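The values are calculated or read from the model by the stated rules, or taken from the named source; none is laboratory data. Just so you know, these numbers come straight off a predicted model, no measurement behind them. Reconstructed Cβ throughout: ideal geometry from the backbone, glycine too, with neighbour counts over all protein chains shown.
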Amino acid sequence: MKHTLILLALVILLAIPAPVLAQSQNPPAPVVDPNSIWGQVVDKNGNIRYSNLTDLGPIQKSASWMPNIPGIGNLQASYHEYQTPSGNLVVMPTATTLFFMALNPQASGLAGASSQLQLGTGTELEAAGLIKGMLNGYVDPTALTKMGYTNPDDFFSDVIAGKTDIWSGLGPNTWRFLNSLAHESLTDQSLYTTLLLYTPGDCFEVPGGCPANASLPSAPAAPTPPASSCSIPSVKSGAITVSAREIAPPYPLVVGQDTAKRGVDVTWKVTVGPTHYTYGVKVPVMGTKCISGSGTSNCTTSNNQAGTLQQVVVGYNCVQHTQIYTEGLKWVTPSASLSQTSRDWILNTLSIMYPNDYLHHPDFSFAGNPAKGSFQGSTFVLDFSESRVPVADPGYFDLGVAGATTGTPVSTWRGFSRSGGTFPVYLEEAVIIQ
Amino acid sequence: MKREIQVFRMTINTVILLIVVLALIGAGFLIVRDDPALFSGMLAQLEVITPTSTQISQPPDAQAAVKALTAFYTMDYTVPEDQWQAGVCALSTPNGCQLIQSLFAPTVYQVVSANQVKTGCTVQAVRMVESNGATRIWQLQVTLINPWPGEKATTPVYAEVDQANGTWLLNRILFDQEAARFAATPTP
């Protein structure tokens, strides 16, 4: 009876059908969907497909976010830039440049990249994670303790937030770390670990500016306004909307705990409104006027002469006309990406219960290139669904779409990256009530 | 009537020498008047090759920092980059040399070439700001003799020196961002 009571008291709300995936295995190499935007850049084994890319060459530029040599100026930022067949720009910073980009994600353009891909075993793509990964083995724990940090992650977060500087955490290891960066960044031997991708529409976000030798589509020639035009034509591009949601199952489990390995079904919807081209046309305003001359006189002109009333143009109205141009999608890549807060929770909180926990597959992207949609009236609508996405990490996934429109006769194409919703993925945990 | 004037050979030589010297001075004046930049260039050339004298009273670690920074901030766009690197590396640790070659040199020579820099410098050790066994950081003051437009002549520089086999050598020059923590410390 006593045993029964104890058993009753121990109510297992949720049994764990399987471990949260093997915790001891090494993080997997990045899995690149060959149909995604990265498919043109990297093969399924993670090798860069140089033969598929246009080499825009190495770039060295002075950048205000690079460290300053006293009396000389800022260190030069170094990248190698490539262009994909579909026009996307791929930027590969050297190790040194990447490190200082991560320290200054906004100013350096790191945060402005449409997508990032980490080669090798790393899975951290956000700035604090990049810094932490690059400084692995170089941060001086004593220095951090002296600064009041018991958790190194807090130090890296504070560095990104500008609350402290990275140098104080390196201490006597600084030269060793700089040497390792310099060694990996040697000319012609650079070890590129992170690839940044910018859609042509975001070319201005490329570190160091939009490459002069990139082949970017030019704006189409606007139609010539009619000769009777009376106002400057205006172009208003149609709105791009993105919505996305998880369809099934109602409460998805991480696939590691799901015996059926169900995964999730997700749908995305992208709409592109029509572009409005507005121009003014001079329209004559008719009226009667007394004009002297032949014919029966029925009025007096302004200079007191006999005249006849006639229909004449007395002025002009500028009448606005609007031409509608439909716009489609050139390519789209729907994606599902584990939110930053969930990543932090896995790595900082969940890892207490599951030592050596890591992110298994936090990013998914799915190609729709070329975009298969249709016009509903003058609005282009693209519906895209993906079944059984094998979500392996618990938390909230952000659903987004990156892509480019086709442009219209009066407007150039547009690159975009929008989020459209989130969905949760659950982790079962055993809870004992006493 | 015939008068004989006796002129010594030495007097003739002196007069000829005087005429030559006056001619050279005159020609030089005309050249400088036509091209004043030539004179300042010659002056700068003389300054470039004038080394900073190391104060004997300074400790050897400070002397090592002064010598290395003198080599670093003596820049001449007509001197090949390799030669400048070799000069600095001779006064640096192997690790310091690697940093100079891969991290600093590309930027330094981009500035040197773009501004056609040709300058020497004077370097003075100000104070030691950190000591960690065989590694020390010194604050120094570097004054460029011929700064390029937009660059101030005097700059505080923090240099880390390392002792190996009894010899002090430059390990690295601290970036301004890194040295900010020392700049904020009041001088004792």
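Couple of notes before you dig in:
- Answer residue from the range A:116-135, given it is surrounded by 15 or more Cβ atoms within 10 Å (Cβ to Cβ) and small (Gly, Ala, Ser) and is modelled with the lowest pLDDT among those: A:Gly122
- The range B:121-156, residues that are of a type outside the set (A, V, I, L, M, F, W, C) and touching a Lys or Arg at 6+ places or on another chain (Cβ under 8 Å): B:Glu130, B:Gln139, B:Asn146
- Contacts under 7 angstrom Cβ, first residue in the range B:14-25 being on the phi < 0 side of the Ramachandran plot and in contact (Cβ under 8 Å) with a residue 12 or more places away in the chain, partner loosely packed, with under 10 Cβ neighbours inside 10 Å and not in a helix (DSSP H, G or I), 6 or more apart: none
- Set A:Ser36, A:Ser78, A:Ser62: member being modelled with pLDDT under 75 and either surrounded by 20 or more Cβ atoms within 10 Å (Cβ to Cβ) or within 13 Å of chain B (Cβ to nearest Cβ) (or both): A:Ser36
Yes/no matrix, rows are residues, columns are (1) under 26 Å from the mean Cα position of the chain (by Cα); (2) assigned to a loop (DSSP other than H, G, I, E, B); (3) modelled with pLDDT of 85 or more:
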| site | (1), (2), (3) |
| --- | --- |
| A:Thr224 | no, yes, no |
| A:Ile247 | yes, no, yes |
| A:Thr296 | no, yes, no |
| A:Thr322 | no, no, yes |
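- The number of residues in the range B:132-188 that are among the small types (Gly, Ala, Ser) and farther than 25 Å from A:Val159 by Cα comes to 6.
- Count of the range A:298-311 residues which are touching a Gly at 6+ places or on another chain (Cβ under 6 Å) and either of a type outside the set (Ser, Thr, Tyr) or in a strand (DSSP E or B) (or both): 2
- The range A:96-112, residues that are of a type in the set (Phe, Trp, Tyr) and either on the phi > 0 side of the Ramachandran plot or within 11 Å of another protein chain (Cβ to nearest Cβ) (or both): A:Phe100
- When residues of the range A:263-289 are limited to those that are farther than 30 Å from A:Ser411 by Cβ and surrounded by fewer than 17 Cβ atoms within 10 Å (Cβ to Cβ), the one nearest to the chain's Cα centre (by Cα): A:Asp265
- Evaluation of A:Gly57 against the conditions (1) part of a strand (DSSP E or B); (2) at pLDDT 80 or above; (3) more than 14 Å from chain B (Cβ to nearest Cβ); (4) surrounded by 14 or more Cβ atoms within 10 Å (Cβ to Cβ) shows that the sole unmet condition is (4).
- Total residues in the range B:73-96, condition under 13 Å from the mean Cα position of the chain (by Cα) and small (Gly, Ala, Ser): 1
So that you can scan it fast, the table gives a plain yes or no per residue for (1) at positive phi; (2) within 15 Å of the chain's Cα centre (by Cα); (3) not β-branched (Val, Ile, Thr):
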| position | (1), (2), (3) |
| --- | --- |
| B:Val112 | no, yes, no |
| B:Met128 | no, no, yes |
| B:Ser131 | no, no, yes |
| B:Thr135 | no, no, no |
| B:Pro147 | no, yes, yes |
| B:Ala159 | no, no, yes |
| B:Gln163 | no, no, yes |
| B:Leu170 | no, no, yes |
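- Of the criteria (1) more than 30 Å from A:Gly377 (Cα to Cα); (2) out of contact with any Gly (no Cβ under 6 Å at 6 or more places or on another chain); (3) not assigned by TED's automatic domain parsing to the domain that holds A:Thr408, which one A:Val314 fails: (2)
- Extreme residue, farthest from the other protein chains (Cβ to nearest Cβ), among residues of the range B:138-188 that are among the aromatic types (Phe, Trp, Tyr) and either touching a helix residue (DSSP H, G or I) at 6+ places or on another chain (Cβ under 6 Å) or under 19 Å from A:Asn74 (Cβ atoms) (or both): B:Trp168
- Filter result (within 20 Å of B:Ser102 (Cβ to Cβ) and charged (D, E, K, R)) within the range B:157-182: B:Glu160, B:Asp162, B:Arg172, B:Asp176, B:Glu178
Residues are listed down the side, and each one gets a yes or a no for (1) closer than 26 Å to B:Asn146 by Cβ; (2) hydroxyl-bearing (Ser, Thr, Tyr):
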{"site": "A:Tyr50", "(1), (2)": "no, yes"}
{"site": "A:Asp55", "(1), (2)": "no, no"}
{"site": "A:Ile59", "(1), (2)": "no, no"}
{"site": "A:Asn68", "(1), (2)": "yes, no"}
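- The strands (runs of 3 or more DSSP E) found entirely in the range B:81-188 include none that carry 3 or more residues being touching an Asp or Glu at 6+ places or on another chain (Cβ under 9 Å), loosely packed, with under 15 Cβ neighbours inside 10 Å and without any contact (Cβ under 8 Å) to a residue 24 or more places away in the chain.
- Positions within the range B:82-137 being charged (D, E, K, R) and within 13 Å of another protein chain (Cβ to nearest Cβ), in sequence order: B:Glu130, B:Arg136
- Pick from the range A:176-207, criterion part of a loop (DSSP other than H, G, I, E, B) and at pLDDT 75 or above, ranking: nearest to the other protein chains (Cβ to nearest Cβ): A:Pro207
- Elements of type strands (runs of 3 or more DSSP E) contained in the range A:334-413, each with 1 or more residues being among the hydrophobic types (A, V, I, L, M, F, W, C) and at pLDDT below 85: A:363-365, A:395-405
- Filter result for A:Ala336 (more than 19 Å from A:Gly238 (Cα to Cα) and without any contact (Cβ under 8 Å) to a residue 24 or more places away in the chain): no
- Extreme residue, surrounded by the fewest Cβ atoms within 10 Å (Cβ to Cβ), among residues of the range A:136-175 that are within 11 Å of chain B (Cβ to nearest Cβ) and closer than 19 Å to B:Leu99 by Cα: A:Pro172
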